[in-house]
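Read-outs: derived from the displayed coordinates by stated rules, not from any lab. Remember, predicted model here, so these are calculated numbers, not experimental data. Cβ placement follows ideal geometry from the backbone for every residue including glycine, while neighbour counts extend to all protein chains displayed.
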Amino acid sequence: MFLRMPSLAWPALIAGAGALACTTATAQSGSAGLETSWRVGASSRWLVRGIPLSRDGTAVSFAGADLYAQGWSLGALYGRLETQAHESAGAVGLRAAKEWTLDGRWAVTAQLRHNSYPGAPSLQRWCYNEAGLSLADADRWVLSWSAETRRGPGCNQHQGPAVVSRSLELNASWPLASGWHLGGGAGWRLYGGGDGYLFGQAGAGWQQDHLALQLDRVMVDPAARPLYGVSTNNSWVASLVWSF
């Protein structure tokens with residue numbers, strides 16, 4: 001959900017790819033008292049677990065904030081995008097999390113998340129409330145699991161099963177010299193009826209002081225096409241974020 005943040009908030013990558021550095025930031029704030037971070041940015045596409053929700057050829061803008069205190073964190077993000085149905089819509093992401101550190105390096109994080117798109121009837125099925133768990137080596141990789149439901153505050157879609165889908169994701173980052181890094185990841189999304197698909201990304205980024213650039217190749221299993229159509233073709237995604 002945020003630059004190097006929880007899954008639904010990072011618009012440029014597959015959901016989950018940003019959780020790695022979010023875990024790092026939370027661990028660093030740990031016992032230092034109350035800390036905040038802010039960010040604004042733009043992306044060439046808005047994706048959720050590999051599926052593009054924004055229209056091809058349109059840019060997405062977003063702003064977000066996080067609050068950290070002794071292992072607890074709260075986050076919010078708001079974005080603007082044009083959907084594939086030519087709707088001008090907002091994108092809302094909210095998050096609450098608790099982190100436990102192990103040996104000063106490993107971290108386990110439990111999260112509750114909300115994701116919705118006011119003003120976009122075509123994206124109503126992408127309104128989710130989620131519960132998730134992740135295990136991370138704060139410098140290198142994160143393994144995460146989540147369960148999604150359309151029930152609950154903000155979604156009001158009470159038909160169907162309580163758990164709509166489940167996702168398992170593994171993402172990693174390899175630091176290079178001069179602020180550059182390589183990254184990649186893969187995930188599996190499974191629906192209650194047994195349908196599901198694989199997704200992943202590979203790319204590179206650069207970060208210096210408050211500015212970060214990212215370019216990724218996002219790949220989606222052809223099994224997603226019967227669920228979401230031709231919009232699931234593989235694509236390049238570029239993002240620019242300024243944090244403060």
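Need one word for segment 7-243: rounded, prolate or oblate. Basis is the Cα gyration tensor (sqrt eigenvalues a ≥ b ≥ c); a/c below 1.5 gives rounded, then a/b vs b/c decides. It would help to have the intermediate numbers written out before the result.
Numbers: a/c = 1.44, a/b = 1.27, b/c = 1.14.
Rounded.
What does the helix-only formula give at 222 nm for the chain: each DSSP H stretch with n ≥ 4 adding -39500 (n - 2.57), the total divided by the residues, and the result rounded to the nearest 500 deg cm²/dmol?
Numbers: 2 runs with 15 residues, N = 244.
When only DSSP H runs of four or more count, the value is -1500 deg cm²/dmol.
Under 10 Å, Cα contacts only: if you run a Gaussian network model on the chain, which one of Gly187, Gly79, Gly104 comes out with the highest mean-square fluctuation?
Gly104
Report, by chain and number, residues whose modeled amide H sits under 5 Å from the one on Leu53, excluding near sequence neighbours (fewer than 5 apart, same chain).
Trp46, Leu47, Val48
Mind checking the dipole of segment 7-243: about its Cα centre, +1 per Lys or Arg Cβ, -1 per Asp or Glu Cβ, Debye to the nearest 20? If you can, show how the numbers build up before the last one.
On the way: 17 positive and 16 negative charges, 93 e Å.
Using only the charged Cβ atoms, the result is roughly 440 debye.
With the dipole of the chain worked out from charges on the C-beta (+1 for Lys and Arg, -1 for Asp and Glu) around the Cα centre, which of Ile51, Pro161, Ser243 lies farthest toward the positive end?
Projecting each Cα onto the dipole axis, the largest value belongs to Pro161.
Could you work out how far apart the two model spin labels at Tyr228 and Leu240 are, taking each label as a point 7 Å from the Cα in the direction of the beta carbon, and quote it in nm?
2.6
How would you rank Trp174, Trp46, going from fewest to most other Cβ atoms within 10 Å of each one's own Cβ?
Fewest to most other Cβ atoms nearby, the residues stand as Trp174, Trp46.
Determine the gain in length on full extension of the stretch Arg125-Asp137; use 0.36 nm per residue of separation and subtract their C-alpha separation, reporting nm with one decimal.
Values: separation 12, 0.36 × 12 = 4.32 nm, distance 3.31 nm.
Computed gain between Arg125 and Asp137 is 1.0 nm.
Quick one: putting +1 on the C-beta of Lys and Arg, -1 on the C-beta of Asp and Glu, what dipole do you get for segment 29-170 around its Cα centre, in Debye to the nearest 20?
About 340 debye.
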